[in-house]
Amino acid sequence: MKRRTLIKGGIAGLASLYATRSYGSVFLQNTLTNNAAGPYQPSWDSLAQYQVPEWYRDAKFGIWAHWGPQCQPERGDWYARGMYEEGSDQYKYHCKKYGHPSKFGFKDVINEWKAENWDPEALVALYKKAGARYFVALANHHDNLDLYDSKHQRWNSTNVGPKKDLMAGWAKAAKKQGLPLGVSVHAAHAWRWYETAQRADKSGPMEGIPYDGKLTAADGTGKWWQGYDPQELYAQNHPLSQNSLDGGSIHGQWNWGNGVYPPSKAYCENFYNRTIDLIDKYEPELVYFDDTALPLWPIDDAGLRIAAHLYNKSIKKHGKLKAVINGKILDEQQRKCMVWDIERGQSNSIEPLPWQTDTCIGQWHYDRRVYENNHYKSAKTVIHTLIDVVSKNGNLLLNVPLRGDGSMDEKELAVVEGITDWMQINSESIYGTRPWKIFGEGPAMESAAALSAQGFNEGKGKPFGSSDIRFVKKGSILYATLLGWPEDRKALIKSLNRTAGKVEKVSLLGHKGAVAFKQNTEGLTVNLPQQAPGKNAFVLKINGNVV
């Protein structure tokens, strides 16, 4: 359902119309005309002049701290929504651990969250050692808590919960390690996402007693949250969307269509103000949006205005554009305007424009069951994903979920250390590379799963083996990575037969001795040493006129 209204006078007219509207108890300021000046305007046509910066194309690998108050219960992703879904696992867990959501809502979970063992400098140093060339921190999630000193959202981590400016800590640590800072912004969806908080139990002893999603500031008298308006957090002072009681309907309404109750202009402007404040305070080089295209598109142009502001601000600061925006489910024009992000999945071809996979070794928010049941992705799986993505002109952004207290468990640390060991030997085949004429060969290509919506095809294809090979190039060098160690220690690369050009030299990263090879009509056969250098994947460095 498209509800965009054209206002006479364009952006200036909108500014005048909405300058005095309020969101909760926060009065909007007239920020519509405060975008950074520069060549980019808030339109798709203007944003299409974007060119992905070389630093990002060269970096290839980033690590993401997708960490916030929903990690505190240690019960997985979307907890602040699921705890209000009667009968769900998270609802049952919440009732047992905290009490009924009419008495102890997510605002109270935030109050329990103290981040007492968070050490951003140690964590970011660990991420850099593991090979990350950029770092991304959660700025807010669908739970609508800003994890920074937010001028436009009183529900932020400096006022409640940890009572710390978490983004400032992350930014300082990233700067110390020389890593570009990214921020991930998810709060545009709180309006629809939190609608479960308006419900009440349909049965049992608490039948008909509303959850806390409709509370107001007046209800806080004598409570720990006195003086704070829950509606500034939950944003539920509106009717339910169509089919809201169907838990799965939100996925079909992610693009603000299919019967979603339209958010108010005040809500949209509050989101805009918060995001501009975030960008101006912490100066990220990358902004990840968990949205279809840009936040609130197509019902509002807030996302377009934010994008233009970020790009123009980057040019003003650096003399050239160094900023990156990640967005999902992009059409062909939108892919020219930002970097296409695929969640938990990979493209099945070399993409003409740089793109990104974002995935996690466990749940997006920490889930103790993943730890207890040994369900983390292995270092091998992460490494194979990185190699596959990079061969197709992509980057990998990996989340390693932190506990609520800000610490990493020892099983996660083992995964990170496994990535570290591989990167210390083979990182030259990752950084600064570009796709070859084909991305690979081998049996796994034949069973690659198609993308679904924003991604979600990882792990659905055939596992990689020693006959699966991925290619990248750097200058005159071709890297061919074996995704397994052949039992007979012979690697046959069919794509490098004589018609591909002459191979003059082959070496194996991590191996000091020479490796013998022969090239004929069948391909390039390489005799590997007795002992494999490291684990999980093995990189052949090839010189010749094959690139």
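The values are calculated or read from the model by the stated rules, or taken from the named source; none is laboratory data. Keep in mind it's a predicted model, so treat the numbers as computed, not measured. When we count neighbours, we look across all protein chains shown, and the Cβ atoms used for this are built from the backbone with ideal geometry, even at glycine.
At-a-glance table
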{"item": "Unmet criterion (only one of (1) over 24 Å from the mean Cα position of the chain (by Cα); (2) at positive phi; (3) acidic (Asp, Glu)) for residue 74", "result": "(1)"}
{"item": "Whichever residue in segment 268-322 is touching a helix residue (DSSP H, G or I) at 6+ places or on another chain (Cβ under 8 Å), acidic (Asp, Glu) and farther than 23 Å from residue 251 by Cα and, among such residues, is surrounded by the most Cβ atoms within 10 Å (Cβ to Cβ)", "result": "269"}
{"item": "Contacts under 6 angstrom Cβ, first residue in segment 393-413 being over 23 Å from residue 345 (Cα atoms), partner modelled with pLDDT of 95 or more and of a type in the set (S, T, N, Q), 6 or more apart", "result": "404/72; 405/117; 406/117; 407/117"}
{"item": "Total residues in segment 38-88, condition touching a Lys or Arg at 6+ places or on another chain (Cβ under 9 Å), within 28 Å of residue 310 (Cα to Cα) and part of a strand (DSSP E or B)", "result": "3"}
{"item": "Members of segment 209-236 that are without any contact (Cβ under 8 Å) to a residue 24 or more places away in the chain, under 23 Å from residue 150 (Cα atoms) and of a type in the set (S, T, N, Q)", "result": "216, 226"}
{"item": "Residue, nearest to the chain's Cα centre (by Cα), within segment 252-304, restricted to residues that are farther than 16 Å from residue 341 by Cα and hydroxyl-bearing (Ser, Thr, Tyr)", "result": "275"}
{"item": "Pair list, Cβ under 8 Å, 6 or more apart: segment 48-63 residue over 13 Å from residue 180 (Cβ atoms), other residue at pLDDT 95 or above and part of a helix (DSSP H, G or I)", "result": "48/333; 50/311"}
{"item": "Selection count, segment 94-121, where residues are closer than 25 Å to residue 138 by Cα and exposed (fewer than 14 other Cβ atoms within 10 Å of the Cβ)", "result": "2"}
{"item": "Residue identified as in contact with a Gly (Cβ under 9 Å, 6 or more places away or on another chain), surrounded by 22 or more Cβ atoms within 10 Å (Cβ to Cβ) and not in a loop (DSSP other than H, G, I, E, B) among 382, 370", "result": "382"}
{"item": "Hey, residue 243 in contact with a helix residue (DSSP H, G or I) (Cβ under 8 Å, 6 or more places away or on another chain) and among the polar types (S, T, N, Q) or not", "result": "yes"}
{"item": "Residues of segment 411-430 classified as more than 15 Å from residue 388 (Cα to Cα) and among the polar types (S, T, N, Q), total", "result": "2"}
{"item": "Neighbours by Cβ (under 6 Å, 6+ apart or cross-chain): first from segment 240-255, free of Cβ contacts under 8 Å to residues at least 40 places away in the same chain; second in a loop (DSSP other than H, G, I, E, B)", "result": "242/259; 249/243; 252/258"}
{"item": "Scope segment 196-234; condition in contact with a helix residue (DSSP H, G or I) (Cβ under 7 Å, 6 or more places away or on another chain), assigned to a helix (DSSP H, G or I) and among the aliphatic types (A, V, I, L, M); matching residues", "result": "197, 233"}
{"item": "First in segment 337-361 and charged (D, E, K, R), second anywhere and not in a strand (DSSP E or B), Cβ under 7 Å, 6 or more apart", "result": "343/454; 343/456; 344/456; 344/458; 351/392; 351/393"}
{"item": "Some residue of segment 463-472 being at pLDDT 90 or above and out of contact with any Gly (no Cβ under 7 Å at 6 or more places or on another chain)", "result": "yes"}
{"item": "Filtered residues of segment 44-64 (kept if touching a helix residue (DSSP H, G or I) at 6+ places or on another chain (Cβ under 7 Å) and over 16 Å from residue 339 (Cα atoms))", "result": "63"}
{"item": "Segment 68-93: number of residues that are within 24 Å of residue 203 (Cβ to Cβ), buried (at least 23 other Cβ atoms within 10 Å of the Cβ) and out of contact with any helix residue (DSSP H, G or I) (no Cβ under 8 Å at 6 or more places or on another chain)", "result": "0"}
